[in-house]
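What follows is a short report on a single structure.
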Amino acid sequence: MNHLGNQMRPLSFVKVMLVSSLLLSACSHAQPSDGSVQTVSNCELSSEVEDLVGLINEARRDTQYCGSSRLKASAPLTLNCSLQRSAQGHADTLAARDRLSHIGTGNSSLGTRVTASGYKWSAVSENIAKGHNTAQSLLENWRASKQHCKNLFRANYQEIGVARTGQYWVAVFAQPQ
């Protein structure tokens, strides 16, 4: 039995390493080199959402200054469909109310909305805005605000959800558990 087990071990090890390698490559969240947006699964995205996420990820490649705070270059964000649903729900609420607020339907907080979307998070932040016609204009506005800027460039955030309803934009940044 030991002899047979020893003969099988190298083959089993090779199989395990091959399967592990395939799984790691299939689950990779790296940004494509062509600048397109990487998603965790297939979300429906408008071109303006893709543009905004692309611009954010391009900016995350470099050191950023948010007020007097220096944030080192960080990994690109991956679009997550649960975060996308949470952002879309809040953008719809803002548009229906026609006012900016981080408080959602039923007085819900950001954490409550994100959890309700099925996302398990350890850190989460939200940027909201009204009245920007382009992703570039919106990004410039958020970069000019110290807190919004920090949300954009925090290295611990790995995933994002972005939505727009009318003139209202919502971006949710998160670190998964």
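Per atom type, the stretch 77-135 shows carbon and sulfur on 52% of its accessible surface, probed at 1.4 Å. At a probe radius of 1.4 angstrom, the accessible area of the stretch 45-91 per residue rounds to 44 square angstrom. Taking a Cβ cut-off of under 12 Å around Gln175, the surrounding Lys, Arg, Asp and Glu residues balance to a net charge of +1, with basic ones at +1 and acidic ones at -1. By DSSP, the beta bridges lying fully in the stretch 40-177 are antiparallel in about 90 percent of cases. Which distance in Å, rounded to a whole number, links the C-alpha centroids of the stretch 102-177 and the stretch 38-90? Centre-to-centre distance over Cα atoms comes out at 9 Å. Count Lys and Arg as plus one, Asp and Glu as minus one, and take only other residues whose Cβ is under 13 Å from that of Asp98; the net charge is then +2.
For the peptides 63-75, 125-137, the ranking by packing is 125-137, 63-75, with the highest mean count of neighbouring Cβ atoms within 10 Å listed first.
The values are calculated or read from the model by the stated rules, or taken from the named source; none is laboratory data. Because the structure is predicted, anything quoted here is derived from the model rather than measured. Note: ideal-geometry Cβ built from the backbone for every residue, glycine included; neighbour counts use all protein chains shown. Quick note on the areas: whole protein, heavy atoms, side chains included, nothing else; ligands and nucleic acids left out. Shrake-Rupley method; radii C 1.70, N 1.55, O 1.52, S 1.80 Å.
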